[in-house]
Structures are given as structure tokens and as C-alpha cells.
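The values are calculated or read from the model by the stated rules, or taken from the named source; none is laboratory data. Remember, predicted model here, so these are calculated numbers, not experimental data. We place every Cβ from the backbone using ideal geometry, glycine too, and count neighbours over all the protein chains shown. Heads up: the accessible areas ignore ligands, DNA and RNA and are worked out on the full protein's heavy atoms, side chains in. Shrake-Rupley method; radii C 1.70, N 1.55, O 1.52, S 1.80 Å.
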Amino acid sequence: MQALYSNTTGKNNTAIGTSALRYNTTGQGNIANGNGVLFDNTTGNYNTASGLNALTMNTTGSFNTAYGPNALGDNTTGSYNTASGNLALVGNSTGIFNTGLGYYTYITAGNLYNAMVLGANAIVNASDKVQVGNTNVTVIG
């Protein structure tokens, strides 16, 4: 499958890898490096992703940075997130202003805002009594 295959009016995008930015139509200023990176992106802007399937499910989220295989892989509409490491912030889908550094820094609690998840296997989930919509959460694994 070709990179930037569906692009119509999106401009200033860079896509390297099979299916990188595959469904981008009008999104602009995106940089995708790796197979499946930003695959579902349609109108998201100014995202930077590198690593197999990084930001692969992103559709309209903007200003995200993901480095590592599957980093921010479940993100769909979340914006202003930064993830570095294999599976970093993989469970975030709609949260904003989150940072995940390290292998498998995972968010399952829903829409967290301004969360910082650091260290291998640092996981934020509903059983941690983190409520959906919480702000300023810090978890160190």
C-alpha cells in the first residue's frame, strides 16, 4: 500500500514507509516515518511519528509526537500528547496534554488530561482509582 495514498489537499506532509499517512486527506504538516505510521490520519495536523504503527489509529488528533513501535497506537482524536518508547501511551485515545516515557507506559482510565506516566510498565487504569477526566496525574513505574 502506498504512503499518502488518499491525500487530496493536505500539504507539507512527509511519509516514509508502507501505508504511512495512508488515509490522510486534508491533514497538513505531518511527518510519518515507518510502516503503518499515522495510517488512519485524515485531518490531523502537525503530528510527528516514527516507529512501526506509531499513531496508527489517529484520525483527527493534532500536535502529537510519538517515537517507538506502537507509541500512541490507540490515539484517535487526542492532541498535544508526547510518547517515547515501545507501546508508550498506547491506551490513550482521546486524552490531551499527556506524556509517556518508557516501555509500555499505558493509560486505560479513559480521557486523562495533563498526565505524566514515566518508566517501564507504569500503568494508569481504572483500578488505580484514577477517575476519567482527572488532571495533573503523575505515575512513576
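Structure summary
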| item | result |
| --- | --- |
| For Ile16, residues with placed amide H under 5 Å, excluding near neighbours | Ala32, Asn33, Gly34 |
| Accessible area (Å², 1.4 Å probe, nearest 10) - Leu4 | 50 Å² |
| The chain - percent of accessible surface contributed by carbon and sulfur, probe 1.4 Å | 54 percent |
| Amide H contacts under 5 Å for Thr99, placed H, 5+ residues apart | Thr82, Ala115, Met116, Val117 |
| Pairwise FRET efficiency - Gln28 versus Tyr113, Cβ, R0 = 35 Å, nearest 0.05 | 0.85 |
